[in-house]
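The values are calculated or read from the model by the stated rules, or taken from the named source; none is laboratory data. Predicted model only: the values in this text are computed from it and were never measured. We place every Cβ from the backbone using ideal geometry, glycine too, and count neighbours over all the protein chains shown.
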Amino acid sequence: MQNLKTDCENGVIDFIVHMGDHAYDLAGAGDKRGDAYMNVFQPTLSTCPWIPIIGNHEVNDGDHYQRYLNMTWGETLGDSDDEDDTSIRSTADSALGEFLTKATLFGLGFHSSVPSNTSRYFGVTIGSIHIAGLDLNNLDKGQLAWLDDDLASIDRKVTPWILVSSHFPMYHPLLQSNLNASSTFYLGDGHEKFTTSGHDFIPLMQCQNDGICDESVGMWLNSIQSKLLPLLKKHGVDLYDAGHVHDYASTYPMCHGDVCKDESGKDIKSFNEPKGTIHITEGNGGVPGVNGTNTLKSCNSKKKEWCRLHGTGGNHGRIIVLNSTHLKYQHVENPTGKVTDDFVVQQSNHGPF
Amino acid sequence: MDKAPTHLRTILQFTTISFWLYVAHADVYDYLMPTWKINEETCLDTCMEWEKLPTEQEQKRIDSTWYNGKAPSNANNYCAMPGGSAGKFECDGCTKDVVTNSYAGPWCYCKTPKNGHNHTQYCVPPINVPEQINLQVADVHSVVASFVTREATVPSNKGVPIAYFGDSKTNLHKVPGITHHYKHLSSAEGMSYSLHFIKFGNLTKGKTYFYKVQSATSQLSELLSFRAIDYDQPKFGIYGDSKSPLLFFFLLPFLYTSGSNIYFSGYYCTLLFAYSGSLEA
């Protein structure tokens, strides 16, 4: 985080996107762990604006979204069922004024060109890049409809680049190798380990007596992909970035579930004029037990032609929009600040794939 | 004969490096929180100075909880989360609530605990002090400053949080915000827990702004600053999974804080640099 703070102070970056799982057990010990996390975060976040995205630990750690939603703006579950609720107060002295002040004072959910009216998911345009943050803990119809509208509202001549981000990756080599594993454990309802990829890929659990059966990682992934990938294609989303799996992975541009092909059917393993979305996992911002061993290897194989690089160790990503046709991605080691992987995406024809 | 010392040296080097790697991987840093106080319901008097504990045995036990095996020189008797033990043995879903592991936040060594209580006790948070100050991007020209305060009772609806905000340290103007009373935590903590949101709009790209915040009843925060987003060439850090509030310190390898101050530690830097084999950072 000191790296990010320093980068922000030095103008290397202007803001931070945190893709969820902000801290373990945010609601633990009567929320005091969440307090500690946010206090520790203060030196960085009081000087460098951030965009928080929701992960599984903001949902599952005992208070079901409340801490996260309160942190991010204020309409909370369980907090608005009181007719005499005075929890939201403003300087306005009329109902319309109160509505307007809420709308303008709160953050991302109200400010996008298509307001989502929730901090679970939102969009924000920063000059030439639009960032849409999603809540894949529950990819409901309302969220999908909003995303479609949000992405459709972007004038690509003004804002050529689109980044869609959530906590959960859609393409990652470990997912592909564990499609038959239990999604319950993968998604975070079961315990995760800190020092590995984080999530136990264990066999599917037996169906319970009430007939409820565990879903496989593959089934969950299919469900998410079938809903989201068409939207990424329809709107020509350049990058999809996620966390959750505690390491780094990047793909080549993806088309129809595989690396994109040229007219002769040959794999296109470059970022020159992509015909599909590039998927990145940057999920080891500082998990407990993260060690200084940073590795980076090719994950490309006949079974995973789409897979480009897979690495371990505490790292973060850096996105720099150079201009309307060039965007740079950097993979940065936390302990040293070294850039260990970078690539430039060149796209001169932004729009549907 | 010549080989024995070489081997010995190699073994010593390996042992030393392993030890430092282990220490470096402790992840956590000493974190002093002077505004938090001892709980009067469990402690008859006050926190003892960290370096003046009653017995040699106790001193040794508590010293071992600090990152360097000793309290920082500025620790006084402040509540703290000592880095040698904070988050120790933590795991997802099986972490035990151990005070000296700072499981539930900062603690101190109570001089005279009430019956049935230990010397090591959790501290209680301050009233009317802005904490957890952060800036969230709202749009390209706006950020929302949010912060938390605790009050003894739910404050009147008439009060609003205020920021003193401007592009010069000496020319700050008032910006009002709104308060959200967080019922969930207020109930849990037996006091009012409020979140405050204040929008800073019409920002000029790349310009540095200064601000202080306070709730309707709190003291003022320190003077802070930020630079508005330069949207001509957007550039940002992106990552997920920082996890534990305490073990999160791995991302803060070079600093620890005391209240709102930041201190640099060459010691930890040295360890990290030694480990990484790089002096470039």
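So for segment B:138-160 (the condition being more than 10 Å from every other protein chain (Cβ to nearest Cβ), surrounded by fewer than 21 Cβ atoms within 10 Å (Cβ to Cβ), among the basic types (K, R) and over 24 Å from the mean Cα position of the chain (by Cα)), does at least one residue qualify?
So far as segment B:138-160 goes, no, none of its residues is more than 10 Å from every other protein chain (Cβ to nearest Cβ), surrounded by fewer than 21 Cβ atoms within 10 Å (Cβ to Cβ), among the basic types (K, R) and over 24 Å from the mean Cα position of the chain (by Cα).
Is one or more of the residues making up segment A:306-317 surrounded by fewer than 19 Cβ atoms within 10 Å (Cβ to Cβ), part of a loop (DSSP other than H, G, I, E, B) and either modelled with pLDDT under 95 or more than 8 Å from every other protein chain (Cβ to nearest Cβ) (or both)?
No; the residues of segment A:306-317 include none that is surrounded by fewer than 19 Cβ atoms within 10 Å (Cβ to Cβ), part of a loop (DSSP other than H, G, I, E, B) and either modelled with pLDDT under 95 or more than 8 Å from every other protein chain (Cβ to nearest Cβ) (or both).
Going by what's in this entry, would A:V344 be described as within 15 Å of A:D238 (Cα to Cα), surrounded by fewer than 18 Cβ atoms within 10 Å (Cβ to Cβ) and in contact with a Leu (Cβ under 9 Å, 6 or more places away or on another chain)?
Against the criterion (within 15 Å of A:D238 (Cα to Cα), surrounded by fewer than 18 Cβ atoms within 10 Å (Cβ to Cβ) and in contact with a Leu (Cβ under 9 Å, 6 or more places away or on another chain)), A:V344 qualifies.
What residue, of A:D241, A:D247, is acidic (D, E), buried (at least 22 other Cβ atoms within 10 Å of the Cβ) and at pLDDT below 95?
A:D247
Which one is nearest to A:V158 (Cα to Cα), of the residues in segment A:320-338 that are in a strand (DSSP E or B) and at pLDDT below 95?
Result: A:V332.
Against the definition (touching a residue at least 60 places away in the same chain (Cβ under 8 Å) and outside any strand (DSSP E or B)), how does B:E41 come out, yes or no?
For B:E41, the condition - touching a residue at least 60 places away in the same chain (Cβ under 8 Å) and outside any strand (DSSP E or B) - is met.
Got a sec? Which of A:K303, A:K338 is within 14 Å of another protein chain (Cβ to nearest Cβ) and of a type in the set (K, R)?
The conditions single out A:K338.
Taking the criterion of being crowded, with 22+ Cβ neighbours inside 10 Å and either at the interface with chain A (Cβ under 7 Å from one of its Cβ atoms) or not in a strand (DSSP E or B) (or both), would at least one residue in segment B:110-124 satisfy it?
There is no residue in segment B:110-124 that is crowded, with 22+ Cβ neighbours inside 10 Å and either at the interface with chain A (Cβ under 7 Å from one of its Cβ atoms) or not in a strand (DSSP E or B) (or both).
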